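Contents: one structure, followed by commentary.
The values are calculated or read from the model by the stated rules, or taken from the named source; none is laboratory data. Treat the numbers as computed from the prediction; the structure is a model and nothing was measured. Positions of Cβ are generated from backbone atoms using ideal geometry, with glycine treated the same way; all protein chains shown enter the neighbour counts.
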């Protein structure tokens, strides 16, 4: 963490879209685990989006707990956004 009043190029500020995407991914994963939905296609239908987007965003449910805490606190590395996290082939281990 950086001291108050200081900025760091290593960190970006809190990203509401990223926070929402991570929360939604965890919600969807909960639906899948509980059997509330039968498929990603069903989630897509319920959410009014296409299945590939569900697939990409669902990956956010598997970010490391440390990275999720950093995202929550607005301390994620610069360049970490909902778009980059959903599209990167490898999830970070931060």
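Name every residue in the range 57-71 that is surrounded by 14 or more Cβ atoms within 10 Å (Cβ to Cβ) and within 10 Å of the chain's Cα centre (by Cα), in order of residue number. Matches in the range 57-71: 57, 58, 59, 60, 61, 63, 67, 68, 71. Among the residues of the range 21-49, the ones that are surrounded by fewer than 12 Cβ atoms within 10 Å (Cβ to Cβ) and either assigned to a loop (DSSP other than H, G, I, E, B) or in contact with a helix residue (DSSP H, G or I) (Cβ under 8 Å, 6 or more places away or on another chain) (or both) come to 4 in all. With respect to the conditions (1) at pLDDT 95 or above; (2) in a helix (DSSP H, G or I), residue 60 lacks only one, and its number is (1). Looking across the range 72-82, just one residue is modelled with pLDDT of 90 or more and either within 13 Å of residue 26 (Cβ to Cβ) or in contact with a helix residue (DSSP H, G or I) (Cβ under 6 Å, 6 or more places away or on another chain) (or both), and that is 72. Of all residue pairs spaced 6 or more apart or on separate chains, those with beta-carbon atoms under 8 Å, a first member in the range 64-82 that is within 12 Å of residue 19 (Cα to Cα) and a second member that is outside any helix (DSSP H, G or I) and modelled with pLDDT of 90 or more are 71/63.
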